[in-house]
1. Report yes if some residue within the range 130-151 is farther than 27 Å from T183 by Cβ and either under 17 Å from the mean Cα position of the chain (by Cα) or open to solvent by less than 20 Å² (accessible area, probe 1.4 Å) (or both); otherwise report no.
2. Here is a check on your reading of the model: is F233 more than 29 Å from D110 (Cα to Cα) and of a type in the set (F, W, Y)?
3. One residue is enough: does the range 128-148 have a residue meeting the conditions of a type in the set (A, V, I, L, M) and in a strand (DSSP E or B)?
4. Name the residues in the range 82-97 that are outside any loop (DSSP other than H, G, I, E, B) and either touching a residue at least 24 places away in the same chain (Cβ under 8 Å) or touching a Gly at 6+ places or on another chain (Cβ under 9 Å) (or both), would you?
5. Tell me which residues, restricted to the range 71-118, are open to solvent by less than 70 Å² (accessible area, probe 1.4 Å), under 17 Å from G150 (Cβ atoms) and among the hydrophobic types (A, V, I, L, M, F, W, C).
6. Only one of S186, S197 is modelled with pLDDT of 95 or more and open to solvent by 30 Å² or more (accessible area, probe 1.4 Å). Can you tell me which?
7. Just one of (1) in contact with a Lys or Arg (Cβ under 7 Å, 6 or more places away or on another chain); (2) within 26 Å of K218 (Cα to Cα); (3) surrounded by 15 or more Cβ atoms within 10 Å (Cβ to Cβ) trips up V157, so point out which.
8. So which pairs qualify, if the first residue must be in the range 65-81 and under 19 Å from E190 (Cβ atoms), the second must be open to solvent by 70 Å² or more (accessible area, probe 1.4 Å), the Cβ gap must be under 7 Å, and the two must be at least 6 apart or on different chains?
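The values are calculated or read from the model by the stated rules, or taken from the named source; none is laboratory data. Only a predicted model underlies this, so the values are computations on that prediction, with no experimental measurement involved. As a convention, Cβ positions derive from the backbone with ideal geometry for all residues, glycine included, and neighbour counts pool all protein chains shown. Note: areas computed on protein heavy atoms with side chains; ligands, DNA, RNA excluded. Shrake-Rupley method; radii C 1.70, N 1.55, O 1.52, S 1.80 Å.
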Amino acid sequence: MKTLRSHGMIPVLIFISILFTIDPRPLSAQSFQLTSGNSALLLQETRNRLYETDPKRKFVFEDLIVDKTSYPFIETNISLLLGSYSFQAFNYEGQKLNYSTRGEKSSYHDCKGDVCILLTDRNILAVTNYATDWSKTSFYNEEKFSTKLGDKAAFVVTDRAVYMFNGFLSEWTRIGLESEVVTAVSNKNELALIVTSKRIFFFQLTTATSSEINVALKPIRRYEIRSNTIECFSYDRVFQYDAGKNQIAEVRTDQ
């Protein structure tokens, strides 16, 4: 009998010892939140990789070289209203400019400063505060588009060409690419710039003058647009564009 009683007390003693070793304080909810929070964070990161958070991001052009330009504050005072049968632009005076779509479908639009740009499945459209009508240019066999807007000009970069819209004159300029990569496009006030791996294009927008220089063996690393000049820096030289004279000077910096 003694043996049986001693064996029967063993489970009871084990149970009592477990009760005394358990922390009487309630479990912190923070520990559960930490685990679930990490899990949720990982899930969100996975979703961000699988799905583009901003589908319009693919239409934005980003420079491949350094931009040292100091840009002024730009106030956008033109807006768009896109309908099924027409696109409407409202300028700073409240005037409305209509464009009949004729079955065209918009894929991207943006406004900055005095310029608005709109991509459709047929044309590239633009409008400004100074225009009395929309301006358009057609494209053929183009699949990828990336855009960049200044306060007075807009750029559309494709695999075959760069389309630049002059907001002062409401005109389009097309520059065909010749086995080259576009590394920068920019606009500040009356000046505009297009840089590729082979060439530089300088523009004075109000007078519609431009200059071009070959830099195939002197790749540009950075640029700066000033009030009346543009400077593009290579490894051992700088290309200076004087808008007043519409001239380009090449100055070596290693001497």
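1. Yes, the range 130-151 contains a residue that is farther than 27 Å from T183 by Cβ and either under 17 Å from the mean Cα position of the chain (by Cα) or open to solvent by less than 20 Å² (accessible area, probe 1.4 Å) (or both).
2. Yes: the conditions hold for F233.
3. For the range 128-148, residues of a type in the set (A, V, I, L, M) and in a strand (DSSP E or B): absent.
4. Result: L82, F87, A89, L97.
5. Hits for the range 71-118 are I74, I78, C111, V115, C116, I117, L118.
6. S197
7. Condition (1) is where V157 drops out.
8. Sorted first by the residue in the range 65-81, then by its partner, the pairs are K68/R222; I74/K112; T76/K112; N77/Y92; I78/Y92.
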